[in-house]
Ligand SMILES: CN(C(=O)[C@H](Cc1cnc[nH]1)NC(=O)OCc1ccccc1)[C@@H](Cc1ccccc1)C(=O)N[C@@H](Cc1ccc(O)cc1)C(=O)NO
Ligand SMILES: [Zn+2]
């Protein structure tokens, strides 16, 4: 039994790692070019959770985001890339982080998103028509932040998610799709935002979710799979929303995430000793945040934004 080196959260190293990303022009940057808007959301939300968002230039980032917006109202994953609902959510999330939602035309964005809703209540990701519950989550999260939920058919959106529910209590990407932790997060978080969690069997799904924890303490995405740091978010945020987070061993999950840090160069990987990336760094910090690790700002399990940002959106006193 190898004695895992007991380690603490290397906050400063992760801050330096994220700040170093913007200057790199390596393989990852090219491969991830089409989802740079997602990468910006992951890096900047992690920075805010680590009390370091002020190290970033919000004005410069907001200007870049607006350059990614198309006449239809949707945002692409980078300059010159086609609009897609995923990057439209990420763009709005980043503007919310910087308290710059006022620079966005909420009606124009809402018009793009509501135009992607189908007669059966589902959402397409873009004009090419792929249907996935991920897109329902992106639509509902984005429109809620913009206060434009009235522009879609909430009842039909809910009905479609209910049709994606499986006998194991979980959810897939479309009706009949296999339960997967990522899709479960999207459906549970979207139902929570729409005030429709009564459609979820909390004990049945809570059981499926807590069964994702393996001996080593990490969480996997489906039975028999290997643990992966990003499932610390997909599974744990779902458990928090369902009020069943006490059904897993939080101490062992915390140690698993801390063990996936690169102690020297910063960053967090999907599993111990693997290469770090900004995606797993964000989901590792977010997982520790849900575990209430000291020194990390709390994150909202449904909006995937720091709680102080969500509070500012919904409870700001209009002067
Ligand atoms: C496209 N993608 C994935 O497929 C990752 C790959 C992976 C990472 N660790 C194990 N596999 N898988 C992933 O995100 O699965 C979670 C998930 C699947 C389906 C629905 C929702 C979440 C990752 C990027 C990535 C590629 C390759 C390696 C690391 C990260 C990705 O962009 N995931 C998206 C999934 C997503 C998309 C849209 C949403 O509304 C919500 C979630 C994301 O988290 N956006 O913020
Ligand atoms: Zn992963």
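Below, the figures for the structure above:
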quantity	calculated
Helices (runs of 4 or more DSSP H) within the range 206-309 that include 1 or more residues within 12 Å of ligand 1 (Cβ to nearest atom) and touching a helix residue (DSSP H, G or I) at 6+ places or on another chain (Cβ under 8 Å)	231-241, 278-290
Residue match in the range 168-189 (condition: at pLDDT 95 or above, in contact with a helix residue (DSSP H, G or I) (Cβ under 9 Å, 6 or more places away or on another chain), away from ligand 1 (no atom under 16 Å from the Cβ) and assigned to a helix (DSSP H, G or I))	no
Any hit, the range 267-279, residues being over 17 Å from residue 47 (Cα atoms) and touching a residue at least 60 places away in the same chain (Cβ under 8 Å)	no
Selection within the range 262-287 - more than 15 Å from ligand 2 (Cβ to nearest atom) and surrounded by 16 or more Cβ atoms within 10 Å (Cβ to Cβ)	262, 266
Residue identified as farther than 21 Å from residue 299 by Cα and assigned to a helix (DSSP H, G or I) among 110, 96	110
Residues of the range 16-35 satisfying the condition of being under 19 Å from residue 46 (Cα atoms), assigned to a helix (DSSP H, G or I), out of contact with any strand residue (DSSP E or B) (no Cβ under 8 Å at 6 or more places or on another chain) and at pLDDT 80 or above	16, 18, 19, 20, 21, 35
Single residue of the range 176-199 satisfying the filter (more than 15 Å from residue 245 (Cβ to Cβ) and buried (at least 24 other Cβ atoms within 10 Å of the Cβ)) that is farthest from ligand 2 (Cβ to nearest atom)	191
Residue pairs meeting the criteria (Cβ under 7 Å; at least 6 apart or on separate chains; first under 19 Å from residue 191 (Cα atoms), in the range 216-245; second away from ligand 1 (no atom under 16 Å from the Cβ) and outside any helix (DSSP H, G or I))	239/248; 242/200
Residue selected from the range 36-56 under the condition assigned to a loop (DSSP other than H, G, I, E, B) and under 25 Å from residue 255 (Cα atoms), by the criterion farthest from ligand 1 (Cβ to nearest atom)	51
Qualifying position, being within 16 Å of ligand 1 (Cβ to nearest atom), at pLDDT 95 or above and within 21 Å of the chain's Cα centre (by Cα), among 62, 91	91
Failed item in (1) within 30 Å of residue 254 (Cβ to Cβ); (2) surrounded by 24 or more Cβ atoms within 10 Å (Cβ to Cβ); (3) within 15 Å of ligand 1 (Cβ to nearest atom), with residue 135 passing the rest	(1)
Top-ranked residue in the range 289-308 [being in contact with a strand residue (DSSP E or B) (Cβ under 9 Å, 6 or more places away or on another chain) and either surrounded by 19 or more Cβ atoms within 10 Å (Cβ to Cβ) or at pLDDT below 95 (or both); ranked as farthest from residue 99 (Cα to Cα)]	290
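The values are calculated or read from the model by the stated rules, or taken from the named source; none is laboratory data. Note that this is a predicted model, so its numbers are computed, not measured. All Cβ positions, even for glycine, are placed from backbone atoms using ideal geometry, and neighbour counts span all protein chains on display.
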